[in-house]
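Undergrad: Before anything else, here's the structure in question.
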Amino acid sequence: AGSTSPKRPGAAMPGADAPPGEIDGAGSRIVQVDRTTGLVRTISGAGQATALVLVRDGGRTAGVVTVDSDSEPASAPRVLALPPAPRRAWDEGAGASLGASVVLCTTGDCELLRSAVEALLAQTHPDFELIVVDNAPATGRTRAALAGLEDARLRIVEQAVPGLSWARNTGVAAARRPVIAFTDDDALVDPGWLVALLDPLASDPDRVIGATTGMVLPAELRYRAQRWFESRGGFPKDDVPRVWTIGPAPRSVRRFGAPGEGGPLYPVTTARVGAGVSMAYRAEALADAGDFDVRLGAGTPTRGGEDLDMFARLLRTGRVIVHTPDAVLHHRHRRTAAGLDAQIRGNGSGMSALIVKSVLERPATLLVLAGRVPGVAARLRPGSERVAGSDDDTPGSLTRSEIRGFLEGPWCYARAARAAKGLR
């Protein structure tokens, strides 16, 4: 459930309006190393115990390794030992030929909003528009935060009804290009993010690929809560290409990546496919799948699940989703234990609400889920990494919060459905 997020669009960055979290003695600085160009880029951190290094070869992702912080990342043995990143089966750089709309939803109180927009405007893609959806227009915060950013590619549109799905649907309606990409106001995209995200779509003449997802890495690991989030899986960060389908992949795209393995609840839930902070869709595929469900997502009682729901619905139309590890962005996680606990609880309620929706719409889903119980039980057994986390000090209370959220999900969904019905 790592790709669902209970914070409303644009909610203040962790620590922005609360006491800072506990500084982590085992934290990591975040670094990128391109072994082809020799470029070393520090994303965040100084004086921490280790460095989390994204290793690239000419823009292709080779992998992610952790090294001692006092070593030079470019010459660290673990960095040098990674096999070269293979050439992709798609035409690298072809994404620049596709016109795109990028949608970013916010309520304007995220301290990274301006930096997120500036990073988007610095994309190497030559033909895109940036639509910022102001989901709290009465406050004036979004326009104030972006004051002075004069760029013909940037538009601000308004959606007064709170909720990430409402905001995303508004962005889709405003989009004028054949591909629509999404990111968030607490994420910093790499300059080549959009081109890389669109490469598989541009290399698919049969148009069977309906969407793509990218790699989401932390922007900082300075606080214990941030490390704990990563310890429990964080956002999906597969470092190899994947092809996600229901049933066999079409022959024309099988070479694009290894088949995705979605876990015991796939394709009812799609947490491993990607995250809403880094995804792109053909506009026609979104039209076929329908609107983002306003009963799900940040800003509603369910607190999450709208991105996973859209992935599942698109797959059910027969289209393919391709994950590319070369579309990289860095997300700043919650800094405080309380903020992380709320997020994990929202992950649980969003996942449960998504399952309830699936069962109500397709009762036969119950039979599918019944056969998956042993697999779910194995993931949740005491001592498993999904429960305990990969770090010894990851609090067990996070799993309890996720279970509480999961149990309250059906009631959250009922409340969200009533609210959405009234708003419609």
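Undergrad: Does the stretch 94-118 hold any residues that are of a type in the set (A, V, I, L, M, F, W, C), open to solvent by 20 Å² or more (accessible area, probe 1.4 Å) and within 20 Å of the chain's Cα centre (by Cα), and which are they?
TA: LEU112
Undergrad: So, in the stretch 134-166, of the ones that are assigned to a helix (DSSP H, G or I) and free of Cβ contacts under 8 Å to residues at least 24 places away in the same chain, which residue ends up most open to solvent (accessible area, probe 1.4 Å)?
TA: ALA138
Undergrad: Could I ask something else about it? Select from the stretch 216-251 the residues that are over 18 Å from GLU402 (Cα atoms), in a loop (DSSP other than H, G, I, E, B) and open to solvent by 30 Å² or more (accessible area, probe 1.4 Å) and list them in ascending order.
TA: LYS237, ASP238, ASP239, VAL240, ILE246, GLY247, PRO248, PRO250
Undergrad: If you don't mind, another one. Kindly provide the set of residues from the stretch 38-70 that are outside any strand (DSSP E or B), open to solvent by 40 Å² or more (accessible area, probe 1.4 Å) and at negative phi, ordered by number.
TA: Residues satisfying the conditions are LEU39, ALA46, ALA49, ASP70.
Undergrad: Read through the list (1) on the phi < 0 side of the Ramachandran plot; (2) in contact (Cβ under 8 Å) with a residue 24 or more places away in the chain; (3) open to solvent by 20 Å² or more (accessible area, probe 1.4 Å), then give the number of the only condition that ARG207 fails.
TA: Condition (1) is where ARG207 drops out.
Undergrad: Still on this structure, please answer the following. Being touching a Lys or Arg at 6+ places or on another chain (Cβ under 9 Å) and part of a helix (DSSP H, G or I) is the filter; apply it to the stretch 74-93 and report the residue that is least open to solvent (accessible area, probe 1.4 Å).
TA: The qualifying residue least open to solvent (accessible area, probe 1.4 Å) is VAL79.
Undergrad: Also, I was wondering about something else. When GLY318 is evaluated against the numbered criteria (1) part of a helix (DSSP H, G or I); (2) open to solvent by 10 Å² or more (accessible area, probe 1.4 Å); (3) of a type outside the set (A, V, I, L, M), which criterion, by number, is the only one it fails?
TA: (1)
Undergrad: While we're on this one: In the stretch 285-297, is there at least one residue being among the aliphatic types (A, V, I, L, M), at pLDDT 95 or above and in contact with an Asp or Glu (Cβ under 9 Å, 6 or more places away or on another chain)?
TA: Yes, some residue in the stretch 285-297 is among the aliphatic types (A, V, I, L, M), at pLDDT 95 or above and in contact with an Asp or Glu (Cβ under 9 Å, 6 or more places away or on another chain).
Undergrad: Another one. Against the condition part of a loop (DSSP other than H, G, I, E, B) and open to solvent by less than 30 Å² (accessible area, probe 1.4 Å), how does LEU296 come out, does it pass?
TA: yes
The values are calculated or read from the model by the stated rules, or taken from the named source; none is laboratory data. All figures in this text were calculated on a predicted structure; none of them were measured in a lab. Virtual Cβ from ideal backbone geometry, glycine too; neighbours counted across all protein chains shown. Note: accessible area is taken over every heavy atom of the protein model, side chains too, but ligands, DNA and RNA are not part of it. Shrake-Rupley method; radii C 1.70, N 1.55, O 1.52, S 1.80 Å.
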